[in-house]
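Quick notes on the structure that follows.
The values are calculated or read from the model by the stated rules, or taken from the named source; none is laboratory data. The model shown is predicted, which means the values in this text are computed figures rather than measured ones. Cβ placement follows ideal geometry from the backbone for every residue including glycine, while neighbour counts extend to all protein chains displayed. Each accessible area value is taken on the protein alone, full model and side chains, heavy atoms only, with ligands, DNA and RNA left out. Shrake-Rupley method; radii C 1.70, N 1.55, O 1.52, S 1.80 Å.
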Amino acid sequence: MTVRLVLVCHGYTEAMRRAAFPLDEELDERGLRQASDAAPLYAAVKSASCGPSRCCRETAAALGLRAEVDEGLRDCDFGHWAGRSLAEVQAADPEGVRAWLTDPSAAPHGGEPVLALVDRVGAWLASAASGVAVTHPAVMRAAVVHVLRTPAESFWAIDAEPLSRVSLTGHGGRWRLRFTD
C-alpha cells in the first residue's frame, strides 16, 4: 500500500525568535495567526497526527485538524541546552557546539544525537500512515535525510521554516520526496 504523508512544521514560537533550543512552548501571536490563515489548505484532510509538544498541538488545532498525538513526532531531545539560546550555549561551550554541528553522533548537550534522531524518524516512517503530520523542524530535516539516504551530516544543510511542508510518498519501505504547490 502506498503511504502519502505531508509533514508540516509547527508555527512560530518564542524560541524560534530567540534562536533558542526549544522547550514545551506555545505558539506566539504570529505563529497562531499564520496557522489560522493557512487552515483552508487543510480543510479536506481526513487523517492527521502531531507531535506531543504544545506548539505542535496548537498548530494542528489552528490549521483546523483533529490530530492524534504521536510520540514518534516528538522533537529532538536537546538535553541541558533546552531553553537556552544558541548564543548562550556557544559562549559557555564552544567545543560542544562545534562537535554537535560537525559530528552527527555527538550529544554534548546530554540529549539525542542527530544520528539517533534520523534513525528514530526513519523507524517512525516505517510505520506511518497516510495523512498530515505536524511536527518540528528537526524531525522534518531528519525525515528528509532518511528519505534521500544522505549522510547525517546533511541534516544541517536543510531548513524547515514554520508552517513549511514536505510531501513524502512511500511504498514497500522506499520513499520519494515530492514537491507540491
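Contact annotation: residue pairs with Cβ atoms under 6 Å, 6 or more positions apart or on different chains, pairing a residue in the range 9-32 that is of a type outside the set (Lys, Arg) with a partner that is surrounded by 21 or more Cβ atoms within 10 Å (Cβ to Cβ) and in a loop (DSSP other than H, G, I, E, B), are 9/160; 15/22; 21/78; 24/53; 27/11; 28/12; 31/11; 31/12.
When each of 93, 119 is tested for being of a type in the set (D, E, K, R), in contact with a Pro (Cβ under 7 Å, 6 or more places away or on another chain) and either open to solvent by 40 Å² or more (accessible area, probe 1.4 Å) or at pLDDT 95 or above (or both), the lone residue that passes is 93. The residues of the range 107-131 that are more than 13 Å from the chain's Cα centre (by Cα) and either over 16 Å from residue 175 (Cα atoms) or among the β-branched types (Val, Ile, Thr) (or both), listed by number, are 107, 108, 109, 110, 111, 112, 113, 115, 116.
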